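Below is one structure, written out as structure tokens; comments come after it.
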Amino acid sequence: MQSRSVIQAEKVSLTFQTNDGPVHALKDVDLAIDKGDFVSFIGPSGCGKTTFLRTIAALERPTSGAVIVNGLDADEARRARAYGYVFQAPGLYPWRTIAGNISLPLEIMGFSKGDRKERIDRVLDLVELSGFAGKFPWQLSGGMQQRASIARALAFDADILLMDEPFGALDEIVRDRLNQAVLALWRKTGKTIGFVTHSIPEAVYLSTKIVVMSPRPGRITRVIESPLPPERPLEIRDTPEFIEIAQQVREGLREGHSYD
């Protein structure tokens, strides 16, 4: 039977060489992410969550082990435009309109003007920013800027979306709304999403699978499958099922500190 995994990490270790000596960021990480999964990575600061996401995206190269994306090694998958990547900060160019920012990767990839316009209109509608195409980033709130960044990552319609703590700098009210928006986007598009977060409630609310990581060197201490339904109002956070999953995440985080 053919594997449904679209991302496969096999014994991935990564060591950075610095002036102060080697930094062991990841050690023997094994993980399979299936098509359509929403996978959150959670752990203490410096545990390798972002490093692992960047390894999937071929922005970092493992010291040993392998990352396979859509049957290709990570670097080949990057060249094949297998994923969109959303960074912690929106990274929008202030001299370009929102449409111009979304258009930039499409221009680089050689899409026609008509195709670019159709894609920009579609992704702006997906992130509920229709009507803001002609605005500049400084005219938008922080949450709206981050939605524009997500739209840019969606514009060339990759099946995988990688998100590196995109809502960490936002206040709780805006964060709740964007969590709902991302969940709706995931249900509508069926994309596979990898999502880095420090927030236990955010990880539980969004995910079909929660990957708990240990302090450096980053290891996976627990992978928690969520039984929550795809439709998740914010009120689900008060249910016994939600609280039970959150407790499993806390236990996984405590286990991580038991490593030598």
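General remarks:
- Between the listed residues G168, M213, L140, the Cα displaced farthest toward the positive end of the dipole of the chain, a dipole computed from Cβ unit charges relative to the Cα centre, is found at L140.
- Proximal aspartates and glutamates to K117, defined as alpha-carbon separation beneath 17 angstrom and excluding residues fewer than eight positions away on the same chain: E107, D125, E128, D157
- Note that the range 69-77 has calculated 3J(HN,Hα) couplings of 10, 6, x, 10, 5, 4, 5, 5, 5 Hz, one per residue in order, obtained from phi through the Karplus relation 6.51 cos²θ - 1.76 cosθ + 1.60 (θ = phi - 60°); glycine and proline are x.
- Overall Cα dimensions of the chain - principal axes, largest extent first, Å: 55, 46, 43
- Modelled label positions at V174 and F156, each set 7 Å beyond Cα in the direction of Cβ, lie 2.8 nm from each other.
- Backbone N under 15 Å from the T189 label point (7 Å along Cα→Cβ), restricted to the range 1-42: 36-39
- Rounded if a/c under 1.5, otherwise prolate or oblate - the range 89-194, Cα gyration tensor axes: oblate
- Toward the positive end of the charge dipole of the chain, with +1 on the Cβ of Lys and Arg and -1 on the Cβ of Asp and Glu, the farthest Cα among A58, Q17, I243 is that of A58.
- Cross-link table K113/K135; K188/K209; K27/K191, entries beyond 23 Å C-alpha to C-alpha: K27/K191
Bear in mind that the values in this text are calculations on the coordinates, not laboratory data. These numbers were taken from a predicted model, which means no experiment stands behind them. Glycine gets a Cβ as well: all are built from the backbone with ideal geometry, and neighbour counts include every protein chain shown.
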